[in-house]
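The values are calculated or read from the model by the stated rules, or taken from the named source; none is laboratory data. Being a predicted model, the structure only gives us computed values, none of them experimental. Here the Cβ positions follow ideal geometry from the backbone for every residue, glycine too, while neighbour counts run over all protein chains shown.
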Amino acid sequence: MTEMMNDDLGPDYKVGIVSEWELNPEVTAKFLSEIWKSSTEILPKLEVQVVIDGNDRLHISSGTAGYVDFKVDPVGMKLPIKCWIHTHPFGSAYFSSTDISTVSIWEPMMKSAIVVGGEGHYGRWNNISPKQLMIYNDYRFERVQSWEYDSVMPSASSVIPIDYERLREILLDYDFITEHELINAEELLRLEQGEEE
C-alpha cells in the first residue's frame with residue numbers, strides 16, 4: 001500500500017495516481033494519464049513526479065510549472081528506483097538539462113524514467129541506453145533525444161573518477177536518499193579515493 005506524504009497541496013492530486021497503481025501496479029497508459037491529469041487538471045499546470053521504488057511503493061510530489069523535487073524527504077524509499085516519472089505540464093516531452101543531470105547522477109541506481117508531455121506524448125529512458133530518450137507522440141515513436149555525459153556539468157572535484165559500485169554501497173546504507181544526499185555520497189567517495197592514493 002502507498003503512503004501519501006503530506007505536502008503544501010494536500011493529498012487530493014495524488015488520489016487518482018495511487019488508486020490506479022493499487023488497481024494495477026504497472027506503468028500503463030492509464031497510469032501515465034492519471035499523472036498527467038493530476039499535473040494539468042487537478043493542479044494548476046504544476047510538475048508532478050512519481051518515483052516507483054524497489055518495493056513498488058510510490059513517492060509522489062509536486063513542484064512549480066518548470067521544476068519538481070521532494071519538499072519532504074521520501075522516507076523509506078528502497079533502491080534501486082524502478083521508474084522516475086515526471087510531467088512537463090507546458091506540453092512537451094523531452095529531457096531538460098536538469099533531467100539529463102538527474103538521470104546521469106542516478107543511473108547506477110535507477111532502471112528507467114519517463115517524462116510526460118501530454119496524453120500519449122512521452123519520453124522513455126532506461127539505464128541500458130543511458131544517453132538517449134525515446135520520444136513518442138500519439139503513442140507512436142517520434143524521435144530520439146541524445147546527449148553526451150560531458151554536457152552535464154561536473155562538480156568542481158570531479159577530477160578523480162567515480163567508483164560507482166562503491167557509491168552504490170554507500171547509498172544502500174541509507175533508509176532513504178535525496179539528490180542532495182547522493183551528491184554528498186559522491187563527494188565522500190571522492191575523498192575516500194583521494195586518501196587511498
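For residues in segment 79-100 being crowded, with 17+ Cβ neighbours inside 10 Å and more than 24 Å from R140 (Cα to Cα), which is nearest to the chain's Cα centre (by Cα)?
Going through segment 79-100, the residues crowded, with 17+ Cβ neighbours inside 10 Å turn out to be 79, 81-89, 93, 95, 99-100.
Subset that is more than 24 Å from R140 (Cα to Cα): 79, 81.
On the way: L79: 12, I81: 8 Å.
So, considering only residues that are crowded, with 17+ Cβ neighbours inside 10 Å and more than 24 Å from R140 (Cα to Cα), the one nearest to the chain's Cα centre (by Cα) is I81.
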Looking only at segment 101-130, how many residues end up being within 21 Å of S39 (Cβ to Cβ), part of a strand (DSSP E or B) and charged (D, E, K, R)? 1
State all residues of segment 22-32 that are within 17 Å of the chain's Cα centre (by Cα) and either in a helix (DSSP H, G or I) or under 16 Å from V68 (Cβ atoms) (or both); if no residue qualifies, say none. F31, L32
Matching option when the condition is out of contact with any strand residue (DSSP E or B) (no Cβ under 6 Å at 6 or more places or on another chain) and either more than 23 Å from K30 (Cα to Cα) or at pLDDT 90 or above (or both), among S112, S104, S146: S104
Failed criterion for S19 (all others in (1) surrounded by 19 or more Cβ atoms within 10 Å (Cβ to Cβ); (2) farther than 26 Å from N184 by Cα; (3) of a type in the set (S, T, N, Q) hold): (1)
